[in-house]
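Reading through the structure tokens given below for one structure.
The values are calculated or read from the model by the stated rules, or taken from the named source; none is laboratory data. Here the structure is a predicted model, which means the values were calculated and not measured. Methodologically, a virtual Cβ is constructed for each residue, glycine included, from the backbone with ideal geometry; neighbour enumeration extends over all protein chains shown.
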Amino acid sequence: MPEIKTQNQTATGIRELTFGEAIREALAEEMRRDPRVCILGEDVAEAGTPFKVLSGLVEEFGKQRVVDTPISEPGFTGIGVGAAMTGLRPVVDIMFGDFLTLIMDQVVNQAAKVHYMSGGKWKVPMVLRTTMGATRRSAAQHSQSLHAWVSHVPGLKVVLPSTPADAKGLMKTAIRDENPVIFFEDKMMYKLKGPVPSGEYTIPFGQADIKRAGTDITIVATSSMVQVALGAAVSLEEIGISAEVVDPRTTWPLDEKTIIESARKTSRAIVVDEGYGRYGVTAEIAAVIAEGAFYDLDGPVRRMGAMHVPIPFSPPLEDATVPSERSVFELARELCGRS
Amino acid sequence: MMHADRAQQTKEPEASAAVGAEIGADRLLRMYRQMVAIREFEQHANDLYLRALMPGLTHLYEGEEAVAVGICEALRVDDYITSTHRGHGHCLAKGAEPNLMFAELLGKEAGYCRGKGGSMHIADPATGNLGANAIVGGSAGIATGAAFASKLLGNGRVCVCFFGEGALGQGVLYEVMNMAALWKLPVIYVCENNMYNEYTHYSETTAGEVLGRPAAFGIPAESVDGQDVRAVHSAAKRFVEHARQGQGPGFLLCNTYRYRGHHVGDINREYYRAKQEEQNWSSERDPIKLLGLWLISQKLTDAAVLESIASEIKAQMEAAVEFAIAAPYPEINEVDQDVYA
């Protein structure tokens, strides 16, 4: 069982929870702790969302605080911004990350800029939960990973948990943060089980986690790609390659130091992320490594992201668009000069 | 496209002489003073632009003063407003200090937003001003969210969402009106119809009846002569009371007119509206003149009092402009401050 690095941990028990259960537990704990926390979104109350992440919350906290909205993403996101400015701490639920397209004005022109434009006078302590991730056979409008878009915008913080324990600790930090936080949940991980501390803990933003230590190659991976990288690392070990898997956990703030130190130590780096590679998260992190570790590298930093195509429906086509354990293994082996 | 019948739209029915008596002389004179202050502020803003002392452009509120003043006079200091790119009037009417407003217009450290917002983003928590917004319709969500918070927190505050008739084209407005009606939120949508979406007459962009839109959501709605501050205030009081008592949102359509161009640089306007139309509004439908004449006719004041108000305001605004011109710019190291709270 891997060590779980957290902050403010007050209990030592460890249980197995799914990724979805861990997020629900974080929300429930924060809603018990702080009556200002409320949830807004489509089918968040009795339905508990289509992914059932919120099941049980309306029963405990009531319909005043777990609010089913019309199918009006810009409207209820804007309501979240205004409510955050005036004393609540809303968690806005955007069912599919693809619907970021609908709310970009509220996120980019409103939420992200209110604090700065007002000279620091107004704040927007809002969490926007949404999903990412392909291979659910949902086709091009329900499968994208668009976290790079919001990572580009000053004023936002962007979180990509990869394990149940991280999801819980990062969600609690997100709710307590004074800024708009976009929290991406890979919908393919909701059923993923993992150890979660049973006591109170939070995980700070901007602190990468070395999910597996290694000496030959650094694999920087985000969200579900961390699980892919860990799988690849097991196969690499079998052929004598020791891979270090670094999970930034937040794309902004970004823990450049940990990423650079790992690359300098191993002298090789691959960046794996499920967003599009072009102008994407992998490009940014590869640039961070190139700028910070260039003279210690034995080869070019390599990037692996979604193929530059709309996500197709047909299973063999869809599976080909995203990095896999096999493709990460192959590229790592190549970079380490093995054939 | 020009409209032959447009001049007729200047002939709004005057509110009956009786409307306003119950408002009381003190409040009426305060509203008169506020309208004069906004007019004087805007004339100085234009002057600062012409003298090349103001960076960028600004959108002036002259002609529409009765709307902001009549509405804000019905609000408590802890009630909220959201404003627009043409927002100076709303901010002043809600209680903003002219010197800090001018400082913001000039990008100075002393400004409401430390110079980071400028003319289109004045915000002030002390007066409940959630901020002016440069996206047309962009504050509809924020205003409705403030009302959502007021209801959940039970603090009795209402929120007024000011927007121009151009925002009637934005879908998010109808999304939040729907939710405000469903959840009985204390928000009043105030549509300032100054007749022009930038450079296009609203009849070219707006199908059907404006009041049919709130009616579709079951939101009580009224149309009011936006040049008559007494009528605006009376309607606003009813809507504010309704909202504060938990009976839900309201929609007030204020028919008004923008004396100047879309922004200070919009000088040659004859391709979209006639000079005669502009003259008709300013000579026959000016909100300050209308209230002044009415106050005198009702023997609530006399011309000398009104003149002394005008000269006091003039001196105040001149001093505010001098303050702003003399104020320093922010230090360069301010540039990356307050990106995050």
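Being in contact (Cβ under 8 Å) with a residue 12 or more places away in the chain and either surrounded by fewer than 24 Cβ atoms within 10 Å (Cβ to Cβ) or among the acidic types (D, E) (or both) is the filter here; which residues of the stretch B:176-192 pass it? If you could, list the steps in order and put the result at the bottom.
Looking only at the stretch B:176-192, we keep the residues that are in contact (Cβ under 8 Å) with a residue 12 or more places away in the chain, and these are B:176-181, B:183-192.
Within the stretch B:176-192, B:N178, B:A181, B:W183, B:K184, B:E192 meet the criteria.
Consider only pairs whose beta carbons are under 8 Å apart and that are at least six residues apart or on different chains; among these, list those whose first residue lies in the stretch A:75-97 and is at the interface with chain B (Cβ under 8 Å from one of its Cβ atoms) and touching a residue at least 60 places away in the same chain (Cβ under 8 Å) and whose second residue is crowded, with 24+ Cβ neighbours inside 10 Å and assigned to a strand (DSSP E or B).
What qualifies is A:A84/A:P90.
Of all residues in the stretch B:24-36, count the ones that are closer than 14 Å to B:C72 by Cβ and either hydrophobic (A, V, I, L, M, F, W, C) or touching a Gly at 6+ places or on another chain (Cβ under 6 Å) (or both).
Counting residues in the stretch B:24-36 that are closer than 14 Å to B:C72 by Cβ and either hydrophobic (A, V, I, L, M, F, W, C) or touching a Gly at 6+ places or on another chain (Cβ under 6 Å) (or both) gives 2.
Pick from the stretch B:120-148 the residues that are of a type in the set (S, T, N, Q) and part of a helix (DSSP H, G or I): which of them is surrounded by the most Cβ atoms within 10 Å (Cβ to Cβ)?
Quick first cut of the stretch B:120-148, residues of a type in the set (S, T, N, Q) only: B:127, B:129, B:133, B:139, B:144.
If we keep only those that are part of a helix (DSSP H, G or I) as well, we get B:127, B:144.
On the way: B:T127: 21, B:T144: 34.
Among those residues, the one meeting the criterion is B:T144.
Which numbered condition in (1) closer than 22 Å to B:L92 by Cβ; (2) at the interface with chain A (Cβ under 7 Å from one of its Cβ atoms) is the only one that B:G128 fails?
(2)
Against the condition surrounded by 15 or more Cβ atoms within 10 Å (Cβ to Cβ), under 23 Å from A:A213 (Cβ atoms) and either in contact (Cβ under 8 Å) with a residue 60 or more places away in the chain or assigned by TED's automatic domain parsing to the domain that holds A:S143 (or both), how does A:D255 come out, does it pass? Walk me through it before giving the result.
Working: surrounded by 15 or more Cβ atoms within 10 Å (Cβ to Cβ): yes; under 23 Å from A:A213 (Cβ atoms): yes; either in contact (Cβ under 8 Å) with a residue 60 or more places away in the chain or assigned by TED's automatic domain parsing to the domain that holds A:S143 (or both): no.
When the stated conditions are applied, A:D255 does not pass them.
Here are some residues: A:T202, A:T250, A:T218, A:T282. Which one is in contact (Cβ under 8 Å) with a residue 12 or more places away in the chain and farther than 30 Å from A:I175 by Cα? Show your work before the answer.
On the way: A:T202 fails: farther than 30 Å from A:I175 by Cα; A:T250 fails: farther than 30 Å from A:I175 by Cα; A:T282 fails: farther than 30 Å from A:I175 by Cα.
Unique residue meeting the criteria: A:T218.
Report, by residue number, each residue of the stretch A:28-41 that is more than 9 Å from chain B (Cβ to nearest Cβ) and crowded, with 24+ Cβ neighbours inside 10 Å.
A:I39, A:G41
For the stretch A:188-211, does any single residue satisfy the condition of being under 16 Å from the mean Cα position of the chain (by Cα), surrounded by 23 or more Cβ atoms within 10 Å (Cβ to Cβ) and within 14 Å of chain B (Cβ to nearest Cβ)?
Scanning the stretch A:188-211 turns up no residue that is under 16 Å from the mean Cα position of the chain (by Cα), surrounded by 23 or more Cβ atoms within 10 Å (Cβ to Cβ) and within 14 Å of chain B (Cβ to nearest Cβ).
Considering the stretch B:111-122 alone, what residues qualify as being facing another protein chain (nearest Cβ under 8 Å) and out of contact with any Lys or Arg (no Cβ under 6 Å at 6 or more places or on another chain)? Give the steps one after another, and end with the answer.
Step one: list which residues in the stretch B:111-122 are facing another protein chain (nearest Cβ under 8 Å), which gives B:111-117, B:121.
The answer is B:G111, B:Y112, B:C113, B:R114, B:K116, B:G117, B:H121.
Can you tell me which residue among A:E274, A:E261 is outside any helix (DSSP H, G or I) and at pLDDT 95 or above? Before you say what the answer is, go through the steps one by one.
On the way: A:E261 fails: outside any helix (DSSP H, G or I).
Sole residue among the options that is outside any helix (DSSP H, G or I) and at pLDDT 95 or above: A:E274.
Limited to the stretch A:118-137, what total is found for residues that are charged (D, E, K, R) and touching a Phe, Trp or Tyr at 6+ places or on another chain (Cβ under 6 Å)?
Of the residues in the stretch A:118-137, the ones charged (D, E, K, R) are A:121, A:123, A:129, A:136-137.
Checking which are touching a Phe, Trp or Tyr at 6+ places or on another chain (Cβ under 6 Å) leaves us with A:129.
Matching residues across the stretch A:118-137 total 1.
Among the residues of the stretch B:87-112, count how many are under 12 Å from the mean Cα position of the chain (by Cα) and not in a helix (DSSP H, G or I). Before the answer, list the steps.
At the first step, the residues of the stretch B:87-112 found to be under 12 Å from the mean Cα position of the chain (by Cα) are B:87-94.
Next cut, not in a helix (DSSP H, G or I) only: B:87, B:94.
Residues that pass the stated criteria total 2.
Go through B:V69, B:V77 for me and flag whichever is more than 13 Å from chain A (Cβ to nearest Cβ), out of contact with any strand residue (DSSP E or B) (no Cβ under 9 Å at 6 or more places or on another chain), of a type in the set (V, I, T) and part of a helix (DSSP H, G or I).
B:V69
Between residues in the stretch B:51-72 that are at pLDDT below 95 and residues that are of a type in the set (K, R), which pairs lie under 6 Å by C-beta distance while being six or more apart or on different chains?
none
Kindly provide the set of residues from the stretch B:76-103 that are under 12 Å from B:F41 (Cβ atoms) and among the acidic types (D, E), ordered by number.
Correct list: B:E97 only.
Any idea which residue in the stretch A:299-331 is surrounded by the most Cβ atoms within 10 Å (Cβ to Cβ), counting only those that are assigned to a helix (DSSP H, G or I) and small (G, A, S)?
From the stretch A:299-331, those assigned to a helix (DSSP H, G or I) are A:315-321, A:325-331; that's our starting set.
Then keep just the ones that are small (G, A, S); that gives A:320, A:327.
On the way: A:A320: 13, A:S327: 15.
Only one residue tops the list, namely A:S327.
Name every residue in the stretch A:1-34 that is modelled with pLDDT of 95 or more and assigned to a loop (DSSP other than H, G, I, E, B), in order of residue number. Outline the logic, then answer.
Narrowing the stretch A:1-34 to residues modelled with pLDDT of 95 or more: A:16-34.
Within the stretch A:1-34, A:D34 is the sole residue that qualifies.
Each row is one residue, and each column tells you yes or no for (1) modelled with pLDDT of 95 or more; (2) among the polar types (S, T, N, Q).
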| position | (1), (2) |
| --- | --- |
| A:I103 | yes, no |
| A:P125 | yes, no |
| A:R136 | no, no |
| A:P164 | yes, no |
| A:T173 | yes, yes |
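Looking at B:R238, B:R244, B:R230 in this structure, which one is surrounded by 21 or more Cβ atoms within 10 Å (Cβ to Cβ) and either away from chain A (no Cβ under 14 Å) or within 30 Å of B:L293 (Cα to Cα) (or both)?
Numbers: B:R238 fails: surrounded by 21 or more Cβ atoms within 10 Å (Cβ to Cβ); B:R244 fails: surrounded by 21 or more Cβ atoms within 10 Å (Cβ to Cβ).
None of the others qualify; the one that does is B:R230.
Tell me the residue from A:A174, A:A139 that is within 14 Å of chain B (Cβ to nearest Cβ), within 26 Å of A:P50 (Cα to Cα) and among the small types (G, A, S), please. Don't jump to the end; show me each part of the working.
On the way: A:A139 fails: within 14 Å of chain B (Cβ to nearest Cβ).
Step by step, each of A:A174, A:A139 is checked, and only A:A174 is within 14 Å of chain B (Cβ to nearest Cβ), within 26 Å of A:P50 (Cα to Cα) and among the small types (G, A, S).
I'd like to check something: does the stretch A:42-63 contain any residue that is at pLDDT 95 or above, closer than 16 Å to B:W183 by Cα, in a loop (DSSP other than H, G, I, E, B) and facing another protein chain (nearest Cβ under 7 Å)?
Within the stretch A:42-63, not a single residue is at pLDDT 95 or above, closer than 16 Å to B:W183 by Cα, in a loop (DSSP other than H, G, I, E, B) and facing another protein chain (nearest Cβ under 7 Å).
Let me spell it out: the conditions are (1) outside any strand (DSSP E or B); (2) within 14 Å of another protein chain (Cβ to nearest Cβ), and B:F163 meets all of them except one. Which number is the exception?
Here B:F163 clears every test but (1).
Considering only residues that are touching a helix residue (DSSP H, G or I) at 6+ places or on another chain (Cβ under 7 Å) and at positive phi, which ones fall in the stretch B:199-218?
B:G218
For the stretch B:260-282, state whether one or more residues are touching a His at 6+ places or on another chain (Cβ under 6 Å) and modelled with pLDDT of 95 or more.
As a first pass, look at the stretch B:260-282 and keep what is touching a His at 6+ places or on another chain (Cβ under 6 Å): B:263.
Still in the list and also modelled with pLDDT of 95 or more: B:263.
Yes, that holds for at least one residue.
Hey, which of the strands (runs of 3 or more DSSP E) in the stretch A:175-222, taking only ones fully inside, have at least 1 residues that are within 21 Å of A:R32 (Cβ to Cβ)?
On the way: elements: A:181-186, A:193-197, A:209-212, A:217-221.
Filter on the stretch A:175-222 gives A:181-186, A:193-197.
Can you give me the number of residues within the stretch A:116-130 that are among the hydroxyl-bearing types (S, T, Y) and more than 7 Å from every other protein chain (Cβ to nearest Cβ)?
Our first condition is that a residue be among the hydroxyl-bearing types (S, T, Y); within the stretch A:116-130, this holds for A:116, A:118, A:130.
With more than 7 Å from every other protein chain (Cβ to nearest Cβ) added as a condition, the list becomes A:130.
Count: 1.
Looking only at residues that are at the interface with chain B (Cβ under 8 Å from one of its Cβ atoms) and not hydrophobic (A, V, I, L, M, F, W, C) in the stretch A:98-114, which one is surrounded by the fewest Cβ atoms within 10 Å (Cβ to Cβ)?
First, pick out the residues of the stretch A:98-114 that are at the interface with chain B (Cβ under 8 Å from one of its Cβ atoms): A:105-106, A:109-110, A:114.
Pick out the ones that are also not hydrophobic (A, V, I, L, M, F, W, C) and you get A:105-106, A:109-110.
Numbers: A:D105: 18, A:Q106: 30, A:N109: 16, A:Q110: 29.
In this case the residue turns out to be A:N109.
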